[in-house]
Amino acid sequence: MREVIETARLVLRPMSAKDIPAMVCLLDDLRVSGNTSNIPYPYVEADARDWVGRQPDLRGQGQAYVYSVCDAETDGMIGAMGLHWSNRHTDDGQMGWELGYWFGVPHWGQGFATEAGAAIVREAEATVAPDRIVAGHFTENPKSGHVLVKLGFEYTGVICDSYSLARKAKVPCRSMVRTAGAPLPDPGRAP
């Protein structure tokens, strides 16, 4: 997958040390970290440094393609999104690409997740060519499900408990899947 992907309003690029202050600020909010599986709360600089530091190796090994999602005008990080190799939301237990993301609260409800997601899915289908991409969202976070539906994901009917590191508890999670070639939002318009 390309290292930099541009959309109408966003630049998706590899995470770097300059993103660490924004990551700490945006992820040290339980409304954000509590809707993820692997992000701790409280979120501190050491967590961000560790995560950013692991990304080049994961990308180089073809195990994860995670992007800082940045405002195209300011290059300020507003969230993160990417694909990683997993079997967490697959109905058959086979490994496959999983889409994951988070956005800081000030950037919710503006279509950024849909815009970034469509760009990543297009890029994945053009490069790694998955038959399917899986995803999931906690049942109490239906807005994330709405984003995924816009990206062509469908519910599998499976609800399982997924551990949330931030909450230190298992949380019901709805699994979704997107088959290759499913429709995506028009890239010429902001969602």
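Looking at Glu140, is it acidic (Asp, Glu), closer than 26 Å to Lys170 by Cβ and either assigned to a strand (DSSP E or B) or modelled with pLDDT under 95 (or both)?
In short, no.
Residues checked against (1) of a type in the set (Gly, Ala, Ser); (2) farther than 23 Å from Glu3 by Cβ:
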| position | (1), (2) |
| --- | --- |
| Gly117 | yes, no |
| Val128 | no, no |
| Phe138 | no, yes |
| Asn141 | no, yes |
| His146 | no, yes |
| Gly152 | yes, yes |
| Lys168 | no, yes |
| Val171 | no, yes |
| Met176 | no, yes |
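In region 167-191, which residue that is over 18 Å from Gly145 (Cβ atoms) and touching a helix residue (DSSP H, G or I) at 6+ places or on another chain (Cβ under 7 Å) is modelled with the highest pLDDT? Quick ask: steps written out before the conclusion?
Start the filter on region 167-191 by keeping residues that are over 18 Å from Gly145 (Cβ atoms), which leaves 167-170, 180-181, 186-190.
Imposing the further condition that a residue be touching a helix residue (DSSP H, G or I) at 6+ places or on another chain (Cβ under 7 Å) reduces the set to 180, 187, 190.
Working: Ala180: 92, Pro187: 69, Ala190: 50.
Out of the qualifying residues, it is Ala180.
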| Does Val69 satisfy being in contact (Cβ under 8 Å) with a residue 40 or more places away in the chain and part of a helix (DSSP H, G or I)? | no
| Conditions (1) loosely packed, with under 13 Cβ neighbours inside 10 Å; (2) of a type outside the set (D, E, K, R); (3) free of Cβ contacts under 8 Å to residues at least 40 places away in the same chain; (4) within 21 Å of Asp28 (Cβ to Cβ): number failed by Gly82 | (1)
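When you go through Ala116, Ala135 one by one, which is the residue that is surrounded by 22 or more Cβ atoms within 10 Å (Cβ to Cβ), in contact (Cβ under 8 Å) with a residue 40 or more places away in the chain and assigned to a helix (DSSP H, G or I)?
Ala116
The values are calculated or read from the model by the stated rules, or taken from the named source; none is laboratory data. Just so we're clear, the structure is a prediction, and the values are computed from it rather than from any experiment. Glycine gets a Cβ as well: all are built from the backbone with ideal geometry, and neighbour counts include every protein chain shown.
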